[in-house]
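Here the structure comes first, spelled out in structure tokens, and everything after it is commentary.
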Amino acid sequence: MHAWGKFVFTGVGLGLLIGVTLSMAGIYRGMVDDAKALLDNSGADLWVVQQDTLGPYAESSSIYDDTWRSLRGMPGVASAANVTYLTMQVRQGERDVRTMVTGVTPGAAGTSGWPPYLVAGRQITRGHYEAVADIASGFKLGDTLQIRRNYYTVVGLTRRMVSSSGDPMVFIPLKDAQEAQFLKDNDAIHQQRRRTAENPAFNRPQVPGLLDAVIASQSINPYVNAVLVQIESGHNSEVVAESIRRWKRLTVYTRNQMEEILVGKLIATSARQIAMFLVILSIVSSAIVAFIIYTLTLGKIREIAVLKLIGTKNRTIIALIMQQSVALGLIGFVVGKITATLLMAPIFPKYVLLEPLDSVIGFGAVVVICILSSIIAIRAALKVDPAEAIGG
Amino acid sequence: MKSLPIQGRTLALVVVLFPLLALFIYVALRSGPLAPVPVTVARVKTEAITPALFGIGTVEAQYTYKIGPTSAGRLKRLDVEVGDLVRAGQVLGEMDPIDLDDRIRAQDAAGKRAEAQLSEAKARQAYAQIQARRYEQLLTARSTSEEIVATKKHELEVAVAGLQAAAEELVRVHSEGKALLAQRSNLKIVAPSDGLVTLRHVDPGTTVVAGQAVVELVDPANLWINVRFDQIHAGGLTVNLPAQIVLRSQAGEVRGGRVLRVEPYADAVTEETLAKVEFNQLPEPLPPVGELAEITVALPPLPPAPVIANAAIRRVDGKLGVWHVMNGDLRFTPVALGLADLDGSVQVREGLKVGDQYVVYSAKALTADIRIDVVDRIPGVTP
């Protein structure tokens, strides 16, 4: 066991590489978990969106905010709640944070769209100017957020309430969110009013209230992005969805369809990138293991020749080299798992989810790679001429 | 001494590998999906909560007077500016009379002509009367024919009728004259009550149509706030409840008020209940009409009842409830909730007793078979 320093050192280096590999797998799982968390946290069984759009997350969708009333009465529907989503910068003090601002319908805890659990504070009780934020945004209880023109007080904190791209969510009352979604800055509003006033169709002197009525109608936003529907127990979600599609002529997605859209369409490109990284890292790891085992074996050529001379079977020599390779892999795996969990996962800006199954598969892969990589060294060892032991 | 190198190496191996293994096992068990979930717990307590309603509104004037002409015309003069205080009956301006003054003069002339005609008719009647009497006397003296007497009587009757016609004609012309004068005074723009001029829509020389407002007045002593409450959170809203008013331009100052009226018509499109809240004392200086305000209406305090935090309420399998902690085990208990206040306390009507322990905050969504770890504060949350 001489050169065990080199051995352990390589093991640690290999471990860091394996740690990165495990983290990459964790990042992919984290992205899928972000998508699933978004769907789970909305508390909905069906998502009703604008006809022929891919839903509120993958594509923008607008439906009238009184559509929920016609959905509420359909058979099998236990509740229907409006919701709006807008990814925007939210200012707090001197900094601003990219968040997904979610407008939740007035009600109480347990309504679809509301955060299903909190880690601090309370749920929203007032109809305006209160917010519940995710801790990933860095906001604390009592902070004042500025969204467009209004100021919101953070009254509650949540965890793992993120959009599918990992942006933390901020929940505000629906009416404020509708205003935030469409309301432009004051200069733009001023321009709009001026243009309306200059249009002779809207500014007729014989009809004194017409201009005010037109401007008022331009200043409201009756749209929401989706209606979240919960289904009564005992009803099949696909059956209820189909009846809404047929009679209301809106697009409806069930949970499975939403998952397919988010994971299959939104994350697909990132998934391919990560898969490629995993392959490259595996190749690099196997190359390293092969190289170091080969070097170590070459360094022991004399001893192997002596062993062959004294009549050791080839099988034993092969087993020796393979054991060394697997031991290297084991040390690498242990170091890698520790690094991935304690170092990479907490500091990485995206959510890294390290599943036990991934670790087991990783372990198996490491062992297989080590076994395969030792083949070169084994070939070199087997080719050794026993005569070298006593010769030069 | 020969055993030392082997022992040394084994020792080194043990010192390095065992902690590594221990760390590995710790990492495998304490993080990731196998780890227990940190939660905070609290006990159900009895509390008398004071529910309140929160709404936003705008400052409005109780009475807004939009003053303008009743027929199309041109504005001749306007003597007030925005911000002027006016008295009831004060003339603020005038429309262009065009030919109305001439018509009044014509009517005066017609009136004088009618008077002259009345005099003429009187004279004719007097003369006809004298003639009729004379010829009657002559008839009794048999110096004239009956036909002539009849003619003279007839002329008297005609003259009397003519006098009546002339008198009525005079009345008619005078009445028409008064009508034109009334029309003329209608062209004046007059303040219907004391108030403050808030808008001046047109300037002199502009043509305005019937019904178009030229100036707008409000009564500054009667400002109220038109408040909108979400219908879901408007239960218990009645007249005379105390209200706290915060104006947008004075965010730190809380003023007192009371609910004056709950509107019989709610807003069906925005799903809001409307109400009018008046100030106990009007702020000095007056807030501009249209300024936003936040109103909190305090409902009467409720008698003490079991109360939980609204952060604990979860929905599992379509039922609302909380996670009840019994001997370290989690159990989902559906609850029936009562009224809530604005600070996050909710009454529990059924499902939990006073003193029961329930989960308030948790780091993850809970299920019945998850191991929990009771902490004071969820890791990651700074106070």
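For every residue, the table says whether it meets (1) surrounded by fewer than 21 Cβ atoms within 10 Å (Cβ to Cβ); (2) of a type in the set (A, V, I, L, M); (3) free of Cβ contacts under 8 Å to residues at least 40 places away in the same chain; (4) over 27 Å from A:Lys350 (Cβ atoms).
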residue	(1), (2), (3), (4)
A:Lys6	yes, no, no, yes
A:Leu14	no, yes, no, no
A:Leu38	no, yes, no, no
A:Asp45	no, no, no, yes
A:Val49	no, yes, no, no
A:Asp52	yes, no, no, yes
A:Pro56	no, no, no, no
A:Ser62	yes, no, no, yes
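Given the condition of a type in the set (A, V, I, L, M), in a loop (DSSP other than H, G, I, E, B) and at the interface with chain A (Cβ under 7 Å from one of its Cβ atoms), answer yes or no: does some residue in region B:353-360 qualify? Can you show your working first?
The first filter runs over region B:353-360 and keeps only residues of a type in the set (A, V, I, L, M), leaving B:354, B:359-360.
Then keep just the ones that are in a loop (DSSP other than H, G, I, E, B); that gives B:354.
Next, from what is left, pick out any that are at the interface with chain A (Cβ under 7 Å from one of its Cβ atoms): none.
Checking region B:353-360: not a single residue is of a type in the set (A, V, I, L, M), in a loop (DSSP other than H, G, I, E, B) and at the interface with chain A (Cβ under 7 Å from one of its Cβ atoms).
Just wondering, is there one or more residues in region B:125-143 that are of a type outside the set (Gly, Ala, Ser), touching a residue at least 40 places away in the same chain (Cβ under 8 Å) and surrounded by 15 or more Cβ atoms within 10 Å (Cβ to Cβ)? No, that holds for no residue. Candidates are the residues of region B:210-225 that are away from chain A (no Cβ under 14 Å) and surrounded by 17 or more Cβ atoms within 10 Å (Cβ to Cβ); the one that is farthest from the chain's Cα centre (by Cα) is B:Leu217. Among residues of region A:96-109 being touching a residue at least 12 places away in the same chain (Cβ under 8 Å) and surrounded by fewer than 23 Cβ atoms within 10 Å (Cβ to Cβ), the one that is farthest from the other protein chains (Cβ to nearest Cβ) is A:Arg98.
Of all residue pairs spaced 6 or more apart or on separate chains, those with beta-carbon atoms under 7 Å, a first member in region B:369-383 that is free of Cβ contacts under 8 Å to residues at least 40 places away in the same chain and a second member that is part of a loop (DSSP other than H, G, I, E, B) and of a type in the set (A, V, I, L, M) are B:Val381/A:Val119. Among the residues of region A:172-222, those identified as closer than 27 Å to A:Asn41 by Cβ, in contact with a Ser or Thr (Cβ under 7 Å, 6 or more places away or on another chain) and more than 13 Å from every other protein chain (Cβ to nearest Cβ) are A:Ala177, A:Gln181.
Note on region B:226-245: among residues that are polar (S, T, N, Q) and more than 14 Å from chain A (Cβ to nearest Cβ), the one that is surrounded by the fewest Cβ atoms within 10 Å (Cβ to Cβ) is B:Asn240.
Scanning region A:343-360 for residues that are facing chain B (nearest Cβ under 9 Å) and touching a Ser or Thr at 6+ places or on another chain (Cβ under 8 Å) turns up A:Ala345, A:Leu354.
Working only within region A:1-32, note down all residues that are outside any helix (DSSP H, G or I) and either at pLDDT 85 or above or more than 12 Å from chain B (Cβ to nearest Cβ) (or both). Don't jump to the end; show me each part of the working.
At the first step, the residues of region A:1-32 found to be outside any helix (DSSP H, G or I) are A:1-3.
Passing the criteria: only A:Ala3.
Considering each of A:Gly166, A:Gly209 in turn, give the residue that is at positive phi and at pLDDT below 90. Talk me through it step by step, then tell me what you get.
On the way: A:Gly209 fails: at positive phi.
Selected residue: A:Gly166, the only one of A:Gly166, A:Gly209 that is at positive phi and at pLDDT below 90.
The values are calculated or read from the model by the stated rules, or taken from the named source; none is laboratory data. Quantities reported herein were computed from a predicted structural model and do not represent experimental measurements. Every residue, glycine as well, gets a Cβ built from its backbone with ideal geometry; the counts of neighbours run over all protein chains shown.
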